[in-house]
Amino acid sequence: MGEYALFYILFAPFLGALGLIFVSNRQPLLVRSIAAGSAFISLIASIYLFYAYDPVKGGFQFIQRIEWSRQLGISLHLGVDGIGTPLVLASTILLFAGIFVSWHIKDRAKEFYIWLLILAAATIGVFMSLDLFFLYFFYEMSVIPMYLLLGMWGSHTKKYLEMTDSEGMKLRDSVGFIFNFGSNSKEYAAMKLVLFLSAFAVAALMGILLIYKYSGLNTFDILVLREHANLMNIPVLGTTLDKIIWILVFFGFASIAPLWPMHSWSPVGHAAAPAATSMLHAGVLMKLGHFSIIRVAFEILPETTRELMPIAAVLCMFSIIYGGFVAFYAKDTKYVIGYSSSSHMGYVFLGMAALNYISLSGAVIYMFAHAMATGMLFAMAGWVYDQTHTRDIPSLGGLSNKMPFISACFIVGCMASIGMPGTVNFIAEIMIIVGSWDKYPLQVIVAMLGIVLTLAYLFKMMRGLFYGPMNQKYGHAHDAVSTVDRLPLLIMITVSIGFGIFPMHLYDVVRSGVDPLVVRITEVVPVAQSGSEEGVQHAVGHSKIPLTSPIIVDEVAATSLQISGGERE
Amino acid sequence: MIFSLNLSFSDLLLLLPEILLTCWLCLVITVDFVSPRLPKEQLAYLSVAGLVLTLGCLAWFDVAHVSGALFGNMFVLDRMAIFFKVFILGATILVILSSVEYVNRFTLFRGEYYVLVVMSAIGMMFMASANDLLSVFVSLEFSTLGFYVLVSYLREDMASNEAGLKFFILGVFAAGLFAYGISLVYGETGQLVFSEMSSAQATPGLIIGFLLIFAALGFKIGAVPFHSWIPDTYHGAPTPVTAFLSIAPKGAALVILLRIFLVALASFKPVWVYLLVAVSIVSMTYGNIVAIAQRNIKRLLAYSGIAQIGNVLIGLAAGTKMGSDAILFYLLAYLFANIGAFAVVIAVSHAIGRDEIEDYRGLNRRSPFLAFAMLLFLLSLAGVPPLAGFIGKLYIFVAAIKEGLYTLITVGLINIVISMYYYLIVVKQMYINEPIDPSPIRISGPMKAVIYVGLAGTLVIGIYPQPFTDWVVDATLMFSNFLTPSATAVPSPVHVGG
């Protein structure tokens, strides 16, 4: 039963989508219950997965392997480690919450749920793929549902240029402006998203194909490739092959993360998307980038990662500061949250770049934490939009009288986003900052500044939406009163605060995934060392570090364990 | 070369599918002649019955591993021939089913339409078995003859007449090139059978001869320097004929290209790889970029077809057994997606009467089924997982990267992104824009059947490709005799083409 958990998590949404095809749109309740039911199965299975995952044992667990194509060396190889498990959980929580957030969709509700379920299932598929082919397969599969969700149920952004205009200055998204043509339509946002992501995805595919070719193993299996592929020291085009592959894979996947300067599709897409889609998009879709980099670049090219990861450390500063400032000046609720997400994803890159136990664990926990926080914010921005049909912050105000529950939740969302103690974001942020300080002090200072900026723009938005004089035009707006409307927010708040207070299991799980990876990267592990696929992890992962010790003590302990990762000639 | 014309029964067995279909064709003509009042759709179903019977016969061949050669190796029945015959018959069945409704637009000769379609199919079945330049020529012209008539079947429509004329003039020109090429090759080698040319020396006459033959076949598949007839002919021809033209002759010409490049010219691979790389890059890029500017769905599919052929040529340029596997697999994926897409075009134009892309506005509201089917077909053509087209493209890329064709793969990958744009433009019209006239679209039974088959093929091949890859790997086993794993260098490569 339990060993098939990944199948339940992955295929429940797919089967739900399939089942919905045969249901008529004239039975809205049946449509919603099928969607919610399949998401619920997935959620329950992933909660089981999260608690049944054994952090002491570590490594990849719940492995399922089905031969898929002998000729191409592809198998549907599923399995989760300590990094995938929390992200799978985050995906299913956001999917379940997203279905309730979009409970009131009237127009073509059936199609909406079909695409939402496919989007979530594809995302989940990436988090559990142990085969490069299927990783790409699910990754690319998640893009097209986004197009339809944005295009069909999204909303136009009105007067985008004026909104980001402050005191006559054209504070446009300068890099994003390359393809921006001044267009604010949802069609434009959707097309931009698909073309950007596909363009970068094919770069990653090229990297994957190069790994396939030069490993000479005739397989796409990550576990085999990371043990047996020898891609080092092959001279190509004046550099070495592993660097080319790494660059292709890194930038290919970093576009969805979105790392500056490849971010410009993202806020536009967030703004156009319906609430549930924004939640999934910002909550989990963006993490596909980090996760795929970890899975492909970190696992298969550890030495190159150690050498080239400073690229991410440089770019993440721009991500953090740039996203923060644009969010500060933006006057559209979803732009603020969208840019804030893209800024916060810079922290994850910082944590990844520092490459030690603490910072990388922090990065993974941050992905989970950010999914909850940004999910809340998007859900509430969606609620406000549904009530007032505007996202223009200056025209809103004083809504706290009309919607006390939403405004209270919004404060919690802001707190979580900022990283208040008591939320899981705090743990993640502190780990990233503490972990990265030795190696990248400048970036840490920038990240601190980013936190201050986050505080500034979120409070500014909160004041603009909920306090101050009320615009009488929106007198009809009302609060989320029914259980269906409150449930998604309550779930996300509970998870965020729950893990903030009791982070031990989450932390153990993440550490069990991160430790072997960091050992692999910071120590020179001879390639093709032993036959056993999990041998390396078991041998080195858990002997040194007690996993279930208090966090802060452990942090100090582990930081000293960092093996000269900081020195680069 | 000795011709033995005393055919035994077992020899005739190899020709059974063709003989069966020819007899059936005569039956269809006779039925049409003796009972003129019979509704014409009965003729369609009668033809389909014959085609299915032939398919059954081929399935038996496939299971019983029937193979052999006839007429001094002019006609071979190997695994690949069986594959392509099944492919062509499948395409023909789908095209006939999607014509049932459309045929009412023709003012005259409605019964003969089916006869001509089946006749072309017989010609292409012979092409699949042709192992000799002469039999290639004869069967190629035989199948094209039917198409000349079919393309201009809408007698009152100027566009259809123009399409027919253009196709005819360029087709005859290509035939002339082909014949001249054959004469040069024969003059240089004294051989007509492919497998016996493999030891030929690279003389200028031979090179020019094969270039001419390649040009003629390039005309059939619509690769770029020879593509100029494609958009106008696709646009003007009756849509089911366009669907037929877009898939079956390409398959039939590709089997010949495979036999020429991988058997007859196997030892010249280091030379022709440049030619194929150049043609492939130009085809993909030109097809995709020009497709962006199209306003008519048939023209869009025409240009996308040019680009798809560019993709197929990547597999040919790989020049390995795996490359040919990938081509066969790609063609399967392309068959379902392309015929499916044209079936939707036929269904929509039956209701609206026009084929412009803007007529697809709000198709999702008018017919969710048609819009969803079209979405999947277009995405499969674009190469989006989990659809068949994605696996096809990946298969081709994997085959090519094993041969180190990095430039080609890079261009191919970039082209996926370009193509995504114009396919999504159609998706946008169907899903995002609101319809001007929201009346629902009715779909006839046979049309629905074609679309269901297309959907099933597109999804099943994409999600569970193993049986299909097994099939194509089995179908191209013959090439492993001619292809050594690492193609050895030719002593003095003469540079041709790119």
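Per-structure values
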{"read-out": "A:I34, B:I314, ranked by accessible area, largest first (probe 1.4 Å)", "value": "A:I34, B:I314"}
{"read-out": "Computed lengthening from A:S24 to A:R463, 0.36 nm per intervening residue step minus Cα-Cα distance", "value": "153.7 nm"}
{"read-out": "Total formal charge among the other residues, if their Cβ is under 12 angstrom from that of A:M461, Lys/Arg +1 and Asp/Glu -1", "value": "+3"}
{"read-out": "Nearest-10 value in Å² for the accessible area of B:I289, using the 1.4 Å probe", "value": "90"}
{"read-out": "Percent accessible area from carbon and sulfur atoms, chain A, protein chains only, probe 1.4 Å", "value": "68"}
{"read-out": "Total charge dipole magnitude, region A:189-307, about the Cα centre, Cβ charges on Lys, Arg, Asp, Glu only, Debye to nearest 20", "value": "260"}
{"read-out": "Candidate residues A:T304, A:T494: accessible-area rank, largest first, probe 1.4 Å", "value": "A:T494, A:T304"}
{"read-out": "Which of B:I436, A:Y507, A:V56, positive extreme of dipole for the protein assembly as shown (C-beta unit charges)", "value": "B:I436"}
{"read-out": "Where trypsin sites (Lys or Arg not before Pro) fall in DSSP loop in region A:321-411, at most 13 other Cβ within 10 Å", "value": "none"}
{"read-out": "Ranked order, A:V509, B:V277 - accessible area, probe 1.4 Å, largest first", "value": "B:V277, A:V509"}
{"read-out": "Residues whose placed amide H lies under 5 Å from that of B:D132, excluding near-sequence neighbours", "value": "B:F194"}
{"read-out": "A:F7 paired with B:R155, simple spin-label distance in nm, labels 7 Å along Cα-to-beta-carbon", "value": "6.2"}
{"read-out": "Amide H within-cut-off set for A:D332, under 5 Å, with H built and near neighbours excluded", "value": "A:I393"}
{"read-out": "Inter-chain shielding of B:461-470 (mean C-beta neighbours from other protein chains, 10 Å cut-off)", "value": "3"}
{"read-out": "Neighbouring partner chain Cβ atoms per residue of A:188-197, average, 10 Å criterion", "value": "3"}
{"read-out": "Distance from region A:66-111 to region A:291-334 (C-alpha centre basis), Å", "value": "24"}
{"read-out": "Per-residue SASA entry for A:F499, accessible area with 1.4 Å probe, Å² rounded to 10", "value": "20"}
{"read-out": "Rounded to the nearest 10 Å², the accessible area of A:H104 at probe 1.4 Å", "value": "100"}
{"read-out": "Region A:1-76: chymotrypsin sites (Phe, Trp or Tyr not before Pro) in DSSP coil with no more than 16 other Cβ atoms inside 10 Å", "value": "A:F22"}
{"read-out": "Net charge, B:M119 excluded, C-beta distance under 14 Å - Lys, Arg +1, Asp, Glu -1", "value": "-4"}
{"read-out": "Efficiency of FRET between A:I501 and B:H65 - r from beta-carbon atoms, R0 56 angstrom, step 0.05", "value": "0.20"}
{"read-out": "Chain A: calculated mean residue ellipticity at 222 nm from DSSP helix runs of at least 4, using -39500 (n - 2.57)", "value": "-21500 deg cm²/dmol"}
{"read-out": "Compactness index (Cα Rg / 2.2 N^0.38 Å), chain A", "value": "0.91"}
{"read-out": "Separation of alpha-carbon centers, region B:313-389 and region A:205-221, rounded to whole Å", "value": "29"}
{"read-out": "Averaged over B:321-327, number of beta-carbon atoms from partner chains that fall within 10 Å", "value": "1"}
{"read-out": "Cβ-defined net charge surrounding B:L316, 13 Å radius [Lys, Arg +1; Asp, Glu -1]", "value": "+2"}
{"read-out": "R0 of 25 Å, Cβ-Cβ distance A:Y51-A:L490: FRET efficiency to nearest 0.05", "value": "0.75"}
{"read-out": "Net lengthening on full extension, B:I289/B:D470 (0.36 nm per residue, minus Cα-Cα)", "value": "61.7 nm"}
{"read-out": "Förster radius 60 Å - calculated FRET efficiency between A:I44 and A:Q472 (Cβ-Cβ, nearest 0.05)", "value": "0.85"}
{"read-out": "Nearest-ten-degree value, helix A:551-561 long axis tilted from longest Cα axis of chain A", "value": "40"}
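The values are calculated or read from the model by the stated rules, or taken from the named source; none is laboratory data. Worth saying up front: this structure is predicted, and the values here are computed from it rather than measured. Here Cβ is always computed from backbone atoms with ideal geometry, including for glycine, and neighbour counts include all displayed protein chains. The area values use the complete protein model at the heavy-atom level, side chains included, leaving out ligands, DNA and RNA. Shrake-Rupley method; radii C 1.70, N 1.55, O 1.52, S 1.80 Å.
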